[in-house]
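Please read the structure below before turning to the comments.
The values are calculated or read from the model by the stated rules, or taken from the named source; none is laboratory data. Source: prediction; values computed, not measured. Every residue, glycine among them, receives a Cβ derived from its backbone with ideal geometry; neighbour counts consider all protein chains shown.
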Amino acid sequence: MTRSSGKTTLSSNKHDARILLDFTEDEMEVYGDFLPPTTAGFPLSKEYVNTLLEHFKIDYGICWDHIEKAIKECTETNRPVRKVLIARGDIPVDETAGHFCLEQNVRKPAPPRFEDSDKTNYRAFSPFIVVQAKQVLAVLRPAVAGIAGKTVRGNAVPFNKMPVTPVRGGKNTSTDARHIYADVTGHLIINKNVLDVEPVLTVRGAVGYATGDINFPGDVTLEGPVNDGFKVQVGGSLNVRETLDATDIIVQKDVIIKGGMIGRGRALVKVSGALNARFIRNCRLACKKTVTINTEVINSTIYTMENVVVSEKGTILGGEVFAFHSLSAGYIGKDNTTPVKIHLGSDWTLRQEIENNENLMRLLTAKMEKIASYLSSENLDAAKFQKIEEVRTRLTGELSKCRSKKAEFEKRSVVDTKAMLVCAGQIAAGTVVEICGVEFLVEEPLRRIRLALDSTSGSIAGVPL
């Protein structure tokens, strides 16, 4: 036997063809380099291969198809054929106990990237795993029986017993023979391989890069601030344990804020339920149900389809209030400050649609007038005239749609003729009160008064409390 560059072969005439063998370290595979004979040597043969295999005790997993093909190619071309698989053993199959493992789609996702950029968008990345009711959380991985392997020399290779880390269902989960399910929609918490689903998401620190934007289908409790630029979208109710710095907040149910709410920039807080807070400052709030404030509303715009209730000692300073039914407060406005504007009894959502439609109509009319002046010019050639005429036709169609919308808005118009303003303290001079489209300017301070629409006169009348 000779060894060459880590390879082994039988001793033979140096002119004869030969095969250099190369075993893997675990002897699970053996490869051969097929070398052709020189001028006076004998070619490769199957008998030579048998002798070679017998000498090196290779008796398992022999790949005769590879060997025969290599012999033929080496003989016909008289060129070396290298790295031919001579034999391959069986890799052992490790034994694994049956166990539940976490489903792939409930694992934490990788941070997304900004559109058209290779930069990571950490604000859009959330460390929270949100699952839906009836969603599969874990699947049963069946037991695997161990099978011993075998080397190319026929030696047995024992299998291993693989350790597993099974998960099991905990709070708000169900388990059957094959799966673990979530019983409710919520936040999946994995604690010591126990799967719990919490219907309420509690954020114990600040909403920032550690949490990403909050987007949760159920109730959310915030125990810290919301950093600038981060969004909070809640499918249930929102409970805030301290002051809320509002940037971009959307809540499908109620909002309860232990502290107050301070607005940032032009962000609009949207609440489909009711809102209760200690104070509101520099905010734009749209709320379908009643807004209740304990102390003050300062330089804020509030929209609601129900009521705005400020405590009897509470104050409204600056800003604008749109409420469909009523507004009550202790003090409204103050001398030498921006006057408060109050709108009651009208659907502010419809009012916004009407204003947007009117603005569009004014813009389209101005464009039409400009086009008319172009068309009256004597310097227009036929092609340019035709192009401008096509634009006018399109604008005429858009203007017609706006007029149709205006008629629809008039049909949808709903007012609450019983809407009222109740002030337990004082309404400052300069305050503007509008009820069902009727406007009233407070010229002198009014104390302890209720303002409402007088159906007889069609004007706003005051009644002392």
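Of all residues in the stretch 305-322, those that are on the phi > 0 side of the Ramachandran plot have Cβ atoms under 8 Å from Cβ atoms of residues that are of a type in the set (Ser, Thr, Tyr) and surrounded by fewer than 21 Cβ atoms within 10 Å (Cβ to Cβ), 6 or more apart or on another chain, in GLY318/THR337; GLY318/THR338; GLY319/THR301; GLY319/THR338.
Would you check if ARG82 is out of contact with any Pro (no Cβ under 9 Å at 6 or more places or on another chain) and modelled with pLDDT of 95 or more? Criteria met by ARG82. Applying a threshold of 7 Å to beta carbon distances and a minimum spacing of six or more residues, or different chains, the list of pairs starting in the stretch 289-300 at a residue that is under 15 Å from ALA424 (Cβ atoms) and ending at one that is basic (Lys, Arg) and in a strand (DSSP E or B) reads ASN294/ARG278; THR295/ARG278.
Could you tell me whether any residue of the stretch 69-76 is touching a helix residue (DSSP H, G or I) at 6+ places or on another chain (Cβ under 8 Å) and either of a type in the set (Ser, Thr, Tyr) or surrounded by fewer than 17 Cβ atoms within 10 Å (Cβ to Cβ) (or both)? No, that holds for no residue. Only a single criterion out of (1) farther than 23 Å from VAL157 by Cα; (2) without any contact (Cβ under 8 Å) to a residue 40 or more places away in the chain; (3) of a type in the set (A, V, I, L, M) is not satisfied by LEU35, namely (2).
Being within 28 Å of the chain's Cα centre (by Cα), at pLDDT below 95 and more than 30 Å from THR202 (Cα to Cα) is the requirement here; does SER45 meet it? In short, no. Taking the stretch 148-159 as the range and being surrounded by 14 or more Cβ atoms within 10 Å (Cβ to Cβ) and not in a loop (DSSP other than H, G, I, E, B) as the test, the residues that pass are GLY149, LYS150, VAL157. Candidates GLY236, GLY260, GLY273, GLY265: the one that is at pLDDT below 90 and within 29 Å of the chain's Cα centre (by Cα) is GLY265. ILE332 falls short on exactly one of the conditions (1) surrounded by fewer than 18 Cβ atoms within 10 Å (Cβ to Cβ); (2) within 24 Å of LEU453 (Cβ to Cβ), and that condition is (1). Those residues that are closer than 15 Å to ASN227 by Cβ and β-branched (Val, Ile, Thr), I need them from the stretch 194-209; list them, please. If the condition is that a residue be closer than 15 Å to ASN227 by Cβ and β-branched (Val, Ile, Thr), then VAL203, VAL207 are the ones that fit. Counting only residues that are touching a strand residue (DSSP E or B) at 6+ places or on another chain (Cβ under 9 Å), of a type in the set (A, V, I, L, M, F, W, C) and under 22 Å from THR151 (Cα atoms), the stretch 35-73 holds 8 of them. Of all residues in the stretch 286-337, those satisfying the criterion of being in contact with a Gly (Cβ under 6 Å, 6 or more places away or on another chain), within 20 Å of LYS258 (Cβ to Cβ) and small (Gly, Ala, Ser) are SER300, GLY314.
In the stretch 408-428, of all residues being loosely packed, with under 14 Cβ neighbours inside 10 Å and within 42 Å of the chain's Cα centre (by Cα), the one that is modelled with the highest pLDDT corresponds to GLU408.
I'd like the residue in the stretch 447-465 that is in contact (Cβ under 8 Å) with a residue 12 or more places away in the chain and of a type in the set (Ser, Thr, Tyr) and, out of all such residues, is nearest to LEU344 (Cα to Cα). My answer is SER459. The lone criterion from (1) of a type in the set (D, E, K, R); (2) outside any helix (DSSP H, G or I); (3) farther than 25 Å from PRO158 by Cα left unmet by GLU25 is number (3). Residues in the stretch 201-226 that are in a loop (DSSP other than H, G, I, E, B), farther than 16 Å from HIS187 by Cα and free of Cβ contacts under 8 Å to residues at least 40 places away in the same chain: GLY205, ALA206, GLY208, GLU223, GLY224, PRO225. Return yes or no: is GLY259 on the phi > 0 side of the Ramachandran plot and either assigned to a strand (DSSP E or B) or in the same structural domain as VAL271 (by TED's automatic domain parsing) (or both)? Judged against the criteria, GLY259 is not a match.
Summed over the stretch 1-28, residues that are out of contact with any strand residue (DSSP E or B) (no Cβ under 7 Å at 6 or more places or on another chain), within 19 Å of GLU47 (Cβ to Cβ) and at pLDDT 80 or above total 2. Just one of the listed residues (VAL255, VAL226) is β-branched (Val, Ile, Thr), at pLDDT 95 or above and surrounded by 16 or more Cβ atoms within 10 Å (Cβ to Cβ), namely VAL255.
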